[in-house]
Structures are given as structure tokens and as C-alpha cells.
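The values are calculated or read from the model by the stated rules, or taken from the named source; none is laboratory data. Just so you know, these numbers come straight off a predicted model, no measurement behind them. Glycine gets a Cβ as well: all are built from the backbone with ideal geometry, and neighbour counts include every protein chain shown. All accessible areas refer to the heavy atoms of the entire protein, side chains included, with ligands and DNA or RNA removed. Shrake-Rupley method; radii C 1.70, N 1.55, O 1.52, S 1.80 Å.
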Amino acid sequence: MSKLVTIERFIFDNQPEYAKGDLTNLLYDIALAAKIISHKTNRAGLQDILGRAGAVNIQGEEQQKLDVFADQTIFRICDHPGRLCVMASEEQDNVLHIPDQYEKGRYALVYDPLDGSSNIDVNVSIGTIFGVYRYKEWELRGRKEDVLQPPRDLVAAGYILYGSSTMMVYSTGQGVHGFTLDPELGEFLLSHELMRLPEPPAYYSVNDAYFNRWEPEIQSYMRWLQGYAGVGDIAAPSLSGRYIGSLVADFHRNLLRGGIYMYPAEKQKPDGKIRLLYEAGPLAFLIDQAGGYASTGREAILDMTPTELHQRVPVFIGNRSLVEKVEAFVRKEQPIRL
Ligand code: AHM
Ligand code: MG
């Protein structure tokens, strides 16, 4: 019979040597936030019945938008246990400092509390993404510089997917592991140990309504993926298309089945849409740990040092062979046909 392993037990047993318990506890704090957000997310449709965001509920409290609720939940759980020196969230313009009355910790947390905002109100999967860095200057009380580090220097990264079940997937640099929430027990149980991207890949995921806005090399790459004759030096693997428009859900499916997720640059959006610090960076770390690769088409996302909290980057992420091929198209090393 297989062993029943809780996320708490797994994190504790697999924590890196240097972590001294703090990283373990931080990951467990994030798992707790995930349970609270999951509970609220599952009741999202009931907001229409019990009161809309902005309205006052039966206890006289104002109903919150889910993404604001998720943002505040993570902050409120992580601001006081003494594990962090600073946080940065997609929902906040500036870094979030640990209040003066609390002890300062050795880690910096970046997070997108609820990604896939267009899917929140239509009952489609959404997710939370997070990354953990070590502080840079102990003397100073948590600064922007502590989070503006290349994703390669992450000590942990992961996501929570609020889908047909809630899953937490994370890595501390020793492989990628997935846990499924048992809603009755309120525990995340190990369900996917040591996740690796399968070959051959099954899917490509992109919003192809924007095809006309992409560079010709990316348009050609898309034609290659779709099996058009005369594009690229060798035939692409036979892929099917899937696009949810929730990065975590698209990423998770491709991690399990193999594939590539893309959000290319556009004529009006030269850096694309996805944010480096708390979206592309942590997922680049995970995909690397699962045997894959993440690129802007021109450089490896793992090695980019963010200069701004909300900086955007074009993203191609998934099986290495598919992502390296994008780079070959961008370098104009592939026969092109539009
Ligand atoms: P968000 O942070 O505002 O939710 O935007 C990020 C999301 C991703 O989850 C998703 O992959 C992408 O935006 C979808 O964008 P589009 O609707 O342009 O395809
Ligand atoms: Mg987002």
C-alpha cells in the first residue's frame, strides 16, 4: 500500500540543509493560505446570492473581491511569524514591509495572489503563484532589492491551482512535487512526487486571437507547431491546442501532459503580458526542475534580473525541445513561411 504523506511531513523531511526550519514553516504558512483561499474560491458563485463585492454581508462586513481577499490572506498569514523580511505582490504597487513590531526573517516572498482574473467570475480554474528568495543585506530591513533577484536564485517556488480539486505544487530545487487538498480532512496529501515533463509533448497553449500582432518569426513558429509544410527544418511533434487563459491551469496541464505555453510580445505590447517577478520567474524555476525550459524567445528567463516589480516579459515555457525551437526561429535559423 502506498504511504499517506501530508505536505507538512513532506516539506519537513525534504527541507534543504541550510533552511533550519524557517523555509519549511514558510511553505506551510503558504499551504495554510492556500486552504483559506480555496475555501473562499469554492464559494465564489454564492457571492451573487449572498452579496456582491462592494456590498455589505449579513455580518455587516463588506464583501471583498476574491483577488483582494487572496492578497490580504497571504500577507496576514506571512507578516508576523518572523520568516520574511519583505514581500511583493501583483496586487501592490510597492514592496510590503514586515510591520515594525514583528521580528524580521531571512526570506523574501513574491506572489501573484490570484492569477487568471478574467476567469474568476466565470467559474474557470484560477491559481496563486509564489517564489521565495533569501535576503540580500541583513543589516537593512527588507528592501526592493531583496526581491529583484534572478529566478535562478529562488530557494523555493510553486503554485496553487484552484481547479476541479485544489493542488499545491512546489520545488525547493530538489524536484517538483504536487499535493492535492482533501477538503474533508483539510490536508494537502502527496499525490504527484517528482513530476517530470513527459515526452513527446501533447499540447500548445496560446491566445491565437492575437496572431496578427506577433512578430513574423513567432507567427512562423506557430505555423510549424500546427504542421504547415515547408516551415522549420524538421516536422513538429503532433500537438493539440488547449488554452484556458489561466496561466497556472495551462502550466499545470502542460506539466502533466507535456507541451508549451506562450505569451509572445505584440506590436503594442513589446514585452507581452506576463510579469517576470511573480509569474514567469517562479514557473521558470519549476519547469527547469521538471526537465523543461523557459525563454523570452531571446534569453533564458531563469537568468534575467528584474529591474522593476511589475516588469513584463514575453514567455515561452514547457518542453525544452519546443522552447529551443522558438529561439531558433527568432534567430532566423529556420525556414519561414507565413
Ligand atoms: P492577470 O494577472 O491579470 O490575471 O493576467 C494573467 C493572465 C494569465 O493567467 C493568462 O495566461 C493570461 O493572463 C491570459 O491573457 P489573455 O486573456 O490576453 O489571453
Ligand atoms: Mg497574474
- Note on the structure: The condition of being on the phi > 0 side of the Ramachandran plot and at pLDDT 95 or above holds, among GLY245, GLY230, GLY241, only for GLY245
- Item | Residue list for region 275-301, restricted to those being open to solvent by 10 Å² or more (accessible area, probe 1.4 Å) and not in a helix (DSSP H, G or I) | ARG275, GLY291, TYR293, THR296, ARG298, GLU299, ALA300
- Query: Filter region 245-260 for residues that are within 16 Å of ligand 2 (Cβ to nearest atom) and either open to solvent by less than 10 Å² (accessible area, probe 1.4 Å) or in a helix (DSSP H, G or I) (or both); which is farthest from GLY292 (Cα to Cα)?
  - Reply: SER246
- Quickly run through region 96-117 and pick out the residues that are among the hydrophobic types (A, V, I, L, M, F, W, C) and either within 16 Å of ligand 2 (Cβ to nearest atom) or in a strand (DSSP E or B) (or both). LEU96, ALA108, LEU109, VAL110, LEU114
- Note on the structure: Matching residues in region 151-179 (of a type in the set (D, E, K, R) and free of Cβ contacts under 8 Å to residues at least 24 places away in the same chain) number 1
- Note on the structure: Going through (1) exposed (fewer than 15 other Cβ atoms within 10 Å of the Cβ); (2) at pLDDT 95 or above; (3) farther than 15 Å from ILE287 by Cα one by one, THR180 fails only at (1)
- Message: Residues to consider are GLY142, GLY127; find the one that is small (Gly, Ala, Ser) and in contact (Cβ under 8 Å) with a residue 60 or more places away in the chain.
- Response: GLY127
- Is there any pair with a first residue in region 104-118 that is in contact (Cβ under 8 Å) with a residue 40 or more places away in the chain and a second that is part of a loop (DSSP other than H, G, I, E, B) and near ligand 2 (Cβ under 10 Å from one of its atoms) whose Cβ atoms are under 8 Å apart and which are 6 or more apart or on different chains, and what are they? TYR111/GLU90; ASP112/GLU90; PRO113/GLU90; PRO113/GLU91; ASP115/GLU90; ASP115/SER246; GLY116/SER246
- Note on region 186-197: residues more than 19 Å from PHE12 (Cα to Cα) and either open to solvent by 40 Å² or more (accessible area, probe 1.4 Å) or not in a loop (DSSP other than H, G, I, E, B) (or both) are ARG196
- Checking LEU197 against (1) of a type outside the set (Ser, Thr, Tyr); (2) farther than 30 Å from SER165 by Cα; (3) more than 16 Å from ligand 2 (Cβ to nearest atom), which test does it fail? (2)
- Task: Being of a type in the set (Phe, Trp, Tyr) and either assigned to a helix (DSSP H, G or I) or open to solvent by less than 70 Å² (accessible area, probe 1.4 Å) (or both) is the filter here, so list the residues in region 207-230 that pass it.
- Result: TYR210, PHE211, TRP214, TYR221, TRP224
